[in-house]
Structure formats: structure tokens, C-alpha cells
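The values are calculated or read from the model by the stated rules, or taken from the named source; none is laboratory data. Computed from a predicted structure; not experimentally measured. Here the Cβ positions follow ideal geometry from the backbone for every residue, glycine too, while neighbour counts run over all protein chains shown. These accessible areas exclude ligands, DNA and RNA; they are computed on the full protein's heavy atoms, side chains included. Shrake-Rupley method; radii C 1.70, N 1.55, O 1.52, S 1.80 Å.
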Amino acid sequence: GGGGWGGASVALGLTFGLVELIKWVRSSFWTPLELGYAGVFALGVILYVLAVFAVAGGLRSIVRRVFARKRVPAPVYAAVAGAILWAVLAVFRDDVPSVMDGLVAVALVAWVAWTAFAPRVLRVPVRALYAVWAVAVCAGGVAAVCASHGAFLVPARRHDVATVAGLLWAGVAGVLLVAAWLATRKWKRGRALRIALAAALLVAPAVQGPLRARVDGAAREPAGPNILFVTCDALRAQSCSPYGGPASMPALESVAAGGVLFARGYSLCPWTTPSMFSLFASTYPPSLTPGNSREQWRDEMASYTFAPGVTTLAEVLAGKGYATAAFVGNPLLSDPNGILRGFQYSASFDPHIPLHAGPLDVIPYLKNALLAVAPGLVPWRPVDSSRILTRYALDFLDKHRGQSVFLWIHYMDPHEPYDPPAAYRDMEGAWPLFCPAAPYWNTPQQDDAGDIAVDEADRPFVQHLYEGEVRYVDACFGEVLARLDALEVAGRTYVCFTADHGEELWEHGRFGHGQSLYDELVHVPLVFGGPGLAARRIDAPVSGVDVMPTLAELAGVEAPEEWRGVSLAPVLRDAAAAPAGRPCFAQATNRYSWPEVYRVAVEPDRKLIHGMLADSAELYDIARDPEERRNLAGGEGAEAERLRGMLEAWAESFDAFLDVADVDEDRRQELLEQLESMGYVR
């Protein structure tokens, strides 16, 4: 019987577990193994053991009945059972054949060869070889795969590193265990030594990565204070509790309580790409060209990039010895040659990808088979990019605790799809989530004019989902703050929290962002915290163009000459008064503003929205009319004309309109496809 097929089933079950783990690590959405996932992984291995055992036993019965006197070694039964099981799993996936198919085939052949020839060559019982195989796979393969993330943080080919590390260490573990068995089989304490070696093989790969990262980080002298820069997509200030909004944000409140809250922070544009590129370049975004066709606007929207010669803060700090990382949840911010320049580590995710996400992710092949039988076993949901980004951020901080770091996290939440976890929702509505840009979820969709058919009775539910997303992203932000405390580096870390733009929830008749410049779209939270900052609230309007110069001064580096903003660091340290009287500007709305393009000028008590094509004007006293309901342009024509003159002078100070010809055609086409997938263009 070759030692029985029970031990063979256990050994091959572990092999299939290693294959599942490698597949999971190779996923774009893999995060370090957590306790709940470890339990599911163990359950998956048990299912594989039982499946191999059952199929192998069935094959043995059949062979014995058909060939009464024929004895087949148990390892062969197990190998054939494994091949049958893998063939069954292949029915539920569309990547056949794949690299994993070859890996499994090699493993099964190696298994048969190992158990057929090793007993004769090494003169050891087959059961001992089962144990060596099982321990090598478990101690070598599984531990090395998990440790690969501890040793390498999102390298370009991390999944290949994990695969090679797992297979190589499994081989090393097997060789060392066999050598130890041969050397100590006549020694009374040989078994204890072999057990100790097996334990060492399990522990070694699991600890070498984190230890090496900690030693490497600690060996470097800090180049300056840490910078944690957190931005949220589509987060409007009026929904945040520090600004009197309904969504509780205790983490942001804690930073504001000990730092500086700007009550009137303004983004540079009401949609992501121009806003964030301009924020990082400390400049103003060029506008869509008034009067252009919709097709030309599509090309212009895909043309936002850095102007030649722009230097980013990440490049400056990396040159000073900082460890720099950017983890972003918006694919529009994933260009390594653009906004991610200077970041040594980066990862980005598309929030619209539908996934059966959850702990079953750790056994992807079994998950596909289980979902084919029971589709409702795991909910079909968008990627929870906030959780993934937080895990990457925590990992980065752990590995660089002894270095100065510049960490940028761009959370996609609360941008749609609105799908907060169950703990952050307590209202039932017409849909389980709300995603007007993607048709997968069977929710109302935006039409070509940007309108969404949502009954007024359903709007409170949509707003509730949005607020749940706000509370959830604050909880993720809180995890990062807690890790700074746990690593004892919070005292030398400056924190800046803001957003790229806001979100309109039908206050002015529309949903979403990009279509106008009302405060729900451009008034965003802006909070700073860190050592030496005076706890205060600043009521004067400030612009996103000033964020990078401020962070540069806090980090102790000089701002590049081409940056347009001014540093607010003296204000943060209570060494200077608030920048009263300095107006804020924004422009460049997207196609949903058709057929108009807007600009805005904001002063402490007045705000002018200028329609460039129709030469329209909306003037608001935002101190008395924060909801922007009463247009004063007709009664205060001189005031409106004064602000319009300021807008014109401002526009003459930079290249105010986009030049499509300056953008690489392949990159522009890629951006256009991303814009289409996210519902910005049709």
C-alpha cells in the first residue's frame, strides 16, 4: 500500500493549499494574511485533504475490484486523485491552461517520483517521506509566501518574488529535513532535532523579512519629520463632523483638536485629475476650452498632466533620504511618470471592479467552485480599496519606522460606488449600494447629460450611504493614526487631511461632481496636525495650491521655484496671522457642465461663479447664505464686476487652457478609457 493513502492525502492537501496561497498572493488585491483569512485557509486545506482522501479511496476500491491481485502504491492513488480534483476545479475558471496548471502538474509528478524512488535510495519508510513533504510544503512554502510581503513592499514583480520564494524555500526545507533524518536516524535524540529543524524552517522565512526591514530602517538617521498626507475622493466638508456635518469622524476630530482646522479650504477643481495634479504641482489647472465640441472636451479631459519642468514634493523628499510611498484608490492617479513621480513604492486600485470579496479570497480556486454551486455564499461587491490601502500603509510604516517617511494615501471613499460596510449603515433602501457610473449593480445610471433618475423619496438613502462611506474612511484613517502611536513616531509626524473635491447630493438639482463650482463641490476639509502646531481654527479661505508648499516647509525643505502656492506653516505654528484677503480660485469643470465652463473666485465674504461661455455671473454672500440660494449679481453688479476682473487677471497669470497636443497619445487614450469606465465621459 506504500504507507497508506491517508498520509499521502494530508501531504497533497497541503500542496494544494500552497498552490491556493500562491494564487492569492499573485492577485492585485492581496493583503497580508489576517486571522480570519488564516482560518479559512486552514479550512480549505482540510477540504483538499478530505477530497484527495475520498477520491483516492474510491480509486483504490475500483482498482482492487477490477484487478483483484494488482497492488498500486498509495502515493499513485493520491496523485491521480489530485489530478482529477484539479481537472474538476478547472471547469470553474477561465484561465486554462495557466502557469498554475504547470505548477500542479510538476508537483504531482514530483510527488510520484519522490515516493517511488526516495525510499529505495534513502532507505527510509514512505511515511517519513510523507512527513518530510508535508513539513517542507507547510514550513517552507507557506511560510515563505507569507513572508515575501514582509520582505518586499509592493515591488514591481512582488507576485513572482512570492512564488519563487515559496517554491525555493519548500525545496530547501525538504533537503534539510532529509539530511537531518539521515544524519540522526540512529541517534536517540534525532527525532527532537528533526522537530526543532522543522520549527526553525517554519519560523525563519516568517521573521527574516520584518526583521531585515526594521534593521535597515533603524540604521538610517531620520532626514526630517514624517509627512502623512491623506486625501479622500469626493469628500465634501459639509458632511464631516468637524465641520458640523452629520457623518461622525472621530479620527479627524482628534487631529483637529490638537492641530489646525481650516474652516474654508477650497479644492482647485470639482473633479479628481486636474484637482490632484494641480495640488501636487502647486499650480492652477488649465480649463476646458469654452465653445469646444463635446468630442474635443473628451480629449481635453484626458490631457491633464504636469507641465514640463514641474518638481513634486515626493521627488524633493526622496532626494533628501525619505522613504516615499503612494497608495491610491483612483486609477486616474496611477501614472508612474506623472503624479506618482518620486514615490519609491506605489499601488493603485480600480474601485469599480466587481468581486466576490471576503475571507474566501485566500482559497481562490475553491472559491470559484463553491460560488458556482452557491452563488450567494459571498456577496458580489466592489473592491474595498480603503481596507487594502490601509493595510499597505500600515505595512509601509512598520517597515520604515526608523526612517523619515512621506506617505500619501488617496482613499477612493466616499466616491461612488457608495457601499459602506454593514457596521456603517443602519438604513434600508432601494438598492444594496449606489453606483450610477457602472451598470453591474442595477442602480440608476447617469444619462448623457449627467442626470440620474432617483426619486426624491430614495435620496435620503443615497445620502445615508454616502455618510456611511465617510464614517468608514475615517475609521481607516484612524487605524493609520493608531499605528503611528504604536510605533512611537506620532510625535515626529505631520498629518495633513484633505480631499480632491466634494460631492453634490441634489442641493442644486444635480448629483455627483464636476458639473459646477458650488461649495458642496469645492469646499473640502483641510486639517493639519503635528508637533509644534497651535490648536486653532482658521476661518479665512485657503486654497489647495498652498498644501505642498506648507508640507515642504514642515519637512524642512525648500519649495521649488515654479510652485504657485504659499506656505501656511507660519500660520500653523501661530507665528503669522491667517491669510485674510487672499482670494481662492478654481475652474475646469467636466463635461456634465455642458454647454458651460465655470470659474470661481472666493473671498472671505463673497463668492463669484463665472460662466465663461455665456458670460454669466452668480454672486453669493456665503457668510449669510452658505447654501448659495440667493444670487446677488443683479443687485451688486459692481461687486460682481470687481471679482470678474480678478478672475481675468488670475487667468492671465498662467496657461489657462489645455493643449491636447502636448500629451502623449497612448497615455491620453488610456486616460480616456479610464474616464469612460468611471462615468466621467460617454
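Quick notes on this one:
- Between the range 302-348 and the range 58-113, the alpha-carbon center distance in angstrom: 49
- At full extension, ASP625 and TYR440 could sit 62.6 nm farther apart than now, given 0.36 nm per residue minus the alpha carbon distance.
- Applying 0.36 nm per residue to the separation of SER27 and ARG536 and subtracting their alpha-carbon distance, the gain on full extension is 178.8 nm.
- Dipole magnitude (debye, nearest 20) for the range 285-354, charges at Cβ of Lys, Arg, Asp, Glu: 180
- Three-way shape call for the range 295-403 based on the alpha-carbon gyration tensor, with the a/c threshold at 1.5: oblate
- 16 Å reach of a label modelled at GLN344, 7 Å along Cα-to-Cβ, counting backbone N of the range 396-419: 396-408
- The modelled label-to-label distance for the pair TRP506/SER61, using points 7 Å beyond Cα in the direction of Cβ, is 6.2 nm.
- Atom-type composition of the exposed protein surface of the chain places 58 percent of the accessible area on carbon and sulfur (1.4 angstrom probe).
- Across the chain, Cα-Cα distances exceeding 42 Å account for 36% of all pairs.
- Once the 1.4 Å probe is applied to the protein heavy atoms, the chain comes out at 40 Å² accessible per residue.
- In this calculation the C-beta distance from ARG191 to GLU673 is compared with R0 = 56 Å, giving a FRET efficiency of 0.35.
- Selection from LEU675, GLY82, ILE609, by position along the positive dipole direction of the chain (Cβ): GLY82
- With all protein chains in place and ligands, DNA and RNA left out, the 1.4 Å accessible area ranks GLU253, GLU561, GLU639 as GLU561, GLU253, GLU639, largest first.
- Here the gap between LEU168 and LEU487, fully extended at 0.36 nm per residue and compared with their Cα-Cα distance, gives a gain of 111.5 nm.
- Straight-line reach from LYS186: taking Cα to Cα under 22 Å and skipping same-chain neighbours fewer than 8 places apart, no lysines fall in range.
- Rounded to the nearest 20, the size of the Cβ-charge dipole of the chain about its Cα centre is 6360 debye, with Lys and Arg at +1 and Asp and Glu at -1.
- Net dipole in debye of the range 473-583 [+1 Lys, Arg Cβ; -1 Asp, Glu Cβ; about Cα centre; nearest 20]: 300
- Estimated 222 nm signal from helices in the chain, with DSSP H stretches of n ≥ 4 weighted -39500 (n - 2.57), rounded to 500: -14000 deg cm²/dmol
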